[in-house]
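Worksheet: one structure, shown below.
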Amino acid sequence: MGIIHGGRLAMLALICMLLFNHAVLASGEDELTVAAQSHRQPIHFNGEMFSGPGYETLLDEGRQAHFFLIGEEHGIAENPLLAAQLFRDLAEVGYRRLAIEISPPMADAVDQALADGLDGLRALYAEPGGEPAFFGMQQEAELLATIRAAVPEGEPALWGCDYEVAGDRTLLRRLSAIGPPPGAHDAFDALVRASDTGWSQWAETGNPQFVFSFSGAPELVANLRKVWPERNAEVNSILDTLEQTLIINRFWTTGQGYASNVQRGALLRKNFLAHWQTLPPNEPKPRVMAKFGASHLLRGLNTNHSWDLGALIPELAQIEGRSSVSVLVLPGVDSDIARFDPTRWSYVPAPAKDGYANGLEPIVDAAFDDQFTLIHLAPLRPRIIAQAKGLHSRLLQMAMGFDYVLIMSGSTPADELVHP
């Protein structure tokens, strides 16, 4: 009986300890929420314009920084509208580039198409897959048009930094217009046939595994490069983009997700640095806004445990004697996003999928329910570090990786840009 009684006492003590620890952790989270409320500001949106204390804070931060980083959950309609207004208002202090999640040659094609505004984009996007990732959404397309109009004519407005998921046919048409040399025709035709075949199979089945960027062989691009010896910078950019896209996605389709993420992160950093290093050395450098999925702009290791733009840009700012500011943008309560459906090549309303808010409940719970909320994370970091063992690891990562979080309660899913 004594052994049984002792066992029961030990079990009771263990239960009490667990309950006490849970209460302590819950109390710690509640205290963090209260602390976050003391560092929150509203951003007002009347359907057309943003205003309020939070918006003024973003403007002030943008005026002081050389790099303004917006890490987002994709598909929120209001976020590109906010980015467009911020860029337009900050153009007076020298913002003249938008770095985005598409490839360098596709960014050039989009930039040129924007000479005719949204109609130019619609013409560029005339076939399924003609639009680069995310910028087939109406509000995202409007963002690009706003940026183009805010940047002086003759300067590039867009810095593409990524690979190219869907734009292979656009890039191949450009190679055809440039004209491969006679000895490269067979290799070029083989690459075009592979692209056409992949897209035809996708059209028949709706299966995204047939899309060329996932089904094509990087060797096809390597073969073309071998027989095209005298290439200009544009040809090199297109060939590099096609080859890197196929290499990155081959890793992914063969179950090597980490290798795929490492390769993609390296490409993003290489492309951003190439843009920066080719700026004229004797002229004031343009200030840069960057808008990517949040993981890409997370300071330190990204959520895939690889190095990305978030590891590069703040350090580049320090090296150059400049500064950066970063904002994590999340949907809030009563919010859906536009999610891409690769079987139909369209966007549909859906719950947020990227999981950036997972574990961030003590911060998210501090948001206003009926308006957008900007929360300054930097002053919360000492408290978060002190409570680190009792908090979700994602909260620690995001609080250290971004300077602010913007929670868009009541935000809406982006619309699809209607085009032929």
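Among the residues of region 124-134, those identified as in contact with a helix residue (DSSP H, G or I) (Cβ under 8 Å, 6 or more places away or on another chain) and in contact (Cβ under 8 Å) with a residue 40 or more places away in the chain are Leu124, Glu127, Pro128, Gly129, Gly130, Glu131, Phe134. If you filter region 212-232 down to residues that are more than 19 Å from Arg174 (Cα to Cα) and in contact with a helix residue (DSSP H, G or I) (Cβ under 7 Å, 6 or more places away or on another chain), you find that the one that is least open to solvent (accessible area, probe 1.4 Å) is Ala217. Checking the structure you have, find out if any residue of region 376-394 is in contact with a Phe, Trp or Tyr (Cβ under 7 Å, 6 or more places away or on another chain) and either under 20 Å from Tyr55 (Cα atoms) or surrounded by 22 or more Cβ atoms within 10 Å (Cβ to Cβ) (or both). Yes, region 376-394 contains a residue that is in contact with a Phe, Trp or Tyr (Cβ under 7 Å, 6 or more places away or on another chain) and either under 20 Å from Tyr55 (Cα atoms) or surrounded by 22 or more Cβ atoms within 10 Å (Cβ to Cβ) (or both).
Only one residue in Leu81, Leu86, Leu58, Leu90 is surrounded by 14 or more Cβ atoms within 10 Å (Cβ to Cβ), touching a strand residue (DSSP E or B) at 6+ places or on another chain (Cβ under 8 Å), over 30 Å from Lys353 (Cα atoms) and modelled with pLDDT of 95 or more, so which one is that?
Exactly one of Leu81, Leu86, Leu58, Leu90 is surrounded by 14 or more Cβ atoms within 10 Å (Cβ to Cβ), touching a strand residue (DSSP E or B) at 6+ places or on another chain (Cβ under 8 Å), over 30 Å from Lys353 (Cα atoms) and modelled with pLDDT of 95 or more, namely Leu90.
When region 7-52 is filtered for residues that are in a helix (DSSP H, G or I), open to solvent by less than 60 Å² (accessible area, probe 1.4 Å) and at pLDDT 95 or above, the ones remaining, listed by number, are Leu32, Thr33, Ala35, Ala36. Per the conditions (1) modelled with pLDDT under 95; (2) open to solvent by less than 40 Å² (accessible area, probe 1.4 Å); (3) assigned to a helix (DSSP H, G or I), the sole criterion not satisfied by Arg122 is (2).
What residue, of Gly154, Gly183, is open to solvent by 50 Å² or more (accessible area, probe 1.4 Å) and at positive phi?
Values: Gly183 fails: at positive phi.
Testing whether each residue is open to solvent by 50 Å² or more (accessible area, probe 1.4 Å) and at positive phi leaves just Gly154.
The single condition from (1) of a type outside the set (S, T, N, Q); (2) in contact (Cβ under 8 Å) with a residue 24 or more places away in the chain; (3) open to solvent by 70 Å² or more (accessible area, probe 1.4 Å); (4) touching an Asp or Glu at 6+ places or on another chain (Cβ under 7 Å) that Pro351 fails is (2).
Can you tell me which residues in region 257-303 are within 20 Å of Ala150 (Cβ to Cβ), touching a residue at least 40 places away in the same chain (Cβ under 8 Å) and aliphatic (A, V, I, L, M)? Those that are within 20 Å of Ala150 (Cβ to Cβ), touching a residue at least 40 places away in the same chain (Cβ under 8 Å) and aliphatic (A, V, I, L, M): Val288, Met289, Ala290.
A quick yes/no check of all residues on (1) at pLDDT 95 or above; (2) open to solvent by less than 60 Å² (accessible area, probe 1.4 Å); (3) under 19 Å from the mean Cα position of the chain (by Cα):
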{"residue": "Pro132", "(1), (2), (3)": "no, yes, yes"}
{"residue": "Gln139", "(1), (2), (3)": "yes, yes, yes"}
{"residue": "Ile147", "(1), (2), (3)": "yes, yes, yes"}
{"residue": "Leu175", "(1), (2), (3)": "yes, yes, no"}
{"residue": "Arg193", "(1), (2), (3)": "yes, no, no"}
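Is it true that some residue in region 299-308 is hydrophobic (A, V, I, L, M, F, W, C), within 28 Å of Ile76 (Cα to Cα) and buried (at least 18 other Cβ atoms within 10 Å of the Cβ)? So far as region 299-308 goes, no, none of its residues is hydrophobic (A, V, I, L, M, F, W, C), within 28 Å of Ile76 (Cα to Cα) and buried (at least 18 other Cβ atoms within 10 Å of the Cβ). With respect to the conditions (1) crowded, with 16+ Cβ neighbours inside 10 Å; (2) over 27 Å from Ala259 (Cβ atoms); (3) more than 14 Å from the chain's Cα centre (by Cα), Pro314 falls short on a single one, namely (2). Going through region 72-90 one residue at a time, which ones are farther than 14 Å from Leu58 by Cα, touching a Ser or Thr at 6+ places or on another chain (Cβ under 7 Å) and assigned to a helix (DSSP H, G or I)? The answer is Glu78, and nothing else. Scan region 245-262 and tell me whether some residue there is crowded, with 20+ Cβ neighbours inside 10 Å and out of contact with any helix residue (DSSP H, G or I) (no Cβ under 8 Å at 6 or more places or on another chain). Scanning region 245-262, I find at least one residue that is crowded, with 20+ Cβ neighbours inside 10 Å and out of contact with any helix residue (DSSP H, G or I) (no Cβ under 8 Å at 6 or more places or on another chain), so the answer is yes. Checked against (1) more than 15 Å from Val329 (Cα to Cα); (2) assigned to a helix (DSSP H, G or I), Ile363 meets all criteria but (1). Looking only at region 65-74, decide whether some residue is charged (D, E, K, R) and either closer than 30 Å to Asn207 by Cα or buried (at least 20 other Cβ atoms within 10 Å of the Cβ) (or both). Yes; the residues of region 65-74 include at least one that is charged (D, E, K, R) and either closer than 30 Å to Asn207 by Cα or buried (at least 20 other Cβ atoms within 10 Å of the Cβ) (or both).
Identify all residues within region 384-420 that are assigned to a loop (DSSP other than H, G, I, E, B) and out of contact with any helix residue (DSSP H, G or I) (no Cβ under 6 Å at 6 or more places or on another chain); write none if there are none. Leu391, His392, Phe402, Ser409, Gly410, Thr412, Val418, Pro420 - these are the residues of region 384-420 that are assigned to a loop (DSSP other than H, G, I, E, B) and out of contact with any helix residue (DSSP H, G or I) (no Cβ under 6 Å at 6 or more places or on another chain). Counting only residues that are out of contact with any Leu (no Cβ under 6 Å at 6 or more places or on another chain) and β-branched (Val, Ile, Thr), region 385-416 holds 2 of them.
The values are calculated or read from the model by the stated rules, or taken from the named source; none is laboratory data. Since the model is a prediction, treat every value here as computed from it, not as a measurement. In this analysis, Cβ positions are derived from the backbone assuming ideal geometry, glycine residues included, and neighbour counts consider all displayed protein chains. For accessibility, only protein heavy atoms count, side chains too; no ligands or nucleic acids. Shrake-Rupley method; radii C 1.70, N 1.55, O 1.52, S 1.80 Å.
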